Amino acid sequence: MSAYCRIAPGHPLHGPYHATEYGFPSSDERVLFERLSLEIMQAGLTWELVLKRRSGLRAAFGGFDVDLVAAFGQADEARLLADPGIIRNRLKVRALVENARRLQALRASHGGFAAWLEAHHPRSRAEWAGLFKRTFVFTGDQIVGEFLISLGWLEGAHAEDCPVAALAAAAGPAWLRGIEGGGRS
């Protein structure tokens, strides 16, 4: 069983995320943007800290409404950097705002983030990482891999013997239709 599948069950933060979100697909733009944003916020920190700050991040970033975040300016950045309920890192905050703007552009070119992902599927983890680096900011290999695993684009969210694995597979993750790869470490 994967390490995450061993530690998550019963944990007040990891448990619900592991059982109902991790590895489950979504095409909802807010969910996709939130998950990418959370992975960016996690860089260099623990996933538990991100989950602890998740509600604060949702409130501060307008429920991860792409258009709202894309319109953020300097006053919003100052507000965010003063908010103790979020992860206050200037580079990460700026990345979320810039990525929201880039997601708006994906609407014009592909019809949205979910359609963009689908248009580029299947790919290996390395190919996805290169594509994300060309398309977004603050999206290194680990961030991209975990984002894709968390939404079922790449295999690895759950160990085969994890009770949640069958539920996630029944939800129709993209990795079942293509190239496999990666896993949460």
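The values are calculated or read from the model by the stated rules, or taken from the named source; none is laboratory data. This structure is a prediction, so every number in the text was calculated from the model and none was measured. Glycine gets a Cβ as well: all are built from the backbone with ideal geometry, and neighbour counts include every protein chain shown.
Output the residue which, of all residues in the range 12-56 that are aliphatic (A, V, I, L, M), part of a loop (DSSP other than H, G, I, E, B) and in contact (Cβ under 8 Å) with a residue 40 or more places away in the chain, is surrounded by the fewest Cβ atoms within 10 Å (Cβ to Cβ).
For the range 12-56, the residue satisfying everything is 45.
Working only within the range 130-143, note down all residues that are surrounded by 20 or more Cβ atoms within 10 Å (Cβ to Cβ) and without any contact (Cβ under 8 Å) to a residue 60 or more places away in the chain.
Correct list: 132 only.
If you check 101, 107, which single one turns out to be basic (Lys, Arg), in contact (Cβ under 8 Å) with a residue 24 or more places away in the chain and either surrounded by 20 or more Cβ atoms within 10 Å (Cβ to Cβ) or part of a helix (DSSP H, G or I) (or both)?
101
If a residue must be touching a residue at least 40 places away in the same chain (Cβ under 8 Å), under 19 Å from residue 49 (Cβ atoms) and either over 17 Å from the mean Cα position of the chain (by Cα) or loosely packed, with under 13 Cβ neighbours inside 10 Å (or both), how many such residues does the range 1-11 contain?
Matching residues across the range 1-11 total 1.
Taking the conditions exactly as written (buried (at least 18 other Cβ atoms within 10 Å of the Cβ) and in a helix (DSSP H, G or I)), does residue 146 satisfy them or not? Can you show your working first?
On the way: buried (at least 18 other Cβ atoms within 10 Å of the Cβ): yes; in a helix (DSSP H, G or I): yes.
Against the criterion (buried (at least 18 other Cβ atoms within 10 Å of the Cβ) and in a helix (DSSP H, G or I)), residue 146 qualifies.
Among the candidates 114, 95, which residue alone is in contact with a helix residue (DSSP H, G or I) (Cβ under 7 Å, 6 or more places away or on another chain) and touching a residue at least 60 places away in the same chain (Cβ under 8 Å)? Lay out the reasoning, then the answer.
Numbers: 95 fails: touching a residue at least 60 places away in the same chain (Cβ under 8 Å).
Answer to the check: 114.
Is it true that residue 126 is among the small types (Gly, Ala, Ser), in a loop (DSSP other than H, G, I, E, B) and modelled with pLDDT of 95 or more? Please lay out each step first, then the result.
On the way: among the small types (Gly, Ala, Ser): yes; in a loop (DSSP other than H, G, I, E, B): no; modelled with pLDDT of 95 or more: yes.
It is false that residue 126 is among the small types (Gly, Ala, Ser), in a loop (DSSP other than H, G, I, E, B) and modelled with pLDDT of 95 or more.
Condition first: within 18 Å of residue 139 (Cβ to Cβ) and β-branched (Val, Ile, Thr). Now tell me which residues in the range 19-69 satisfy that.
Scanning the range 19-69 gives 31, 40, 50, 66, 69.
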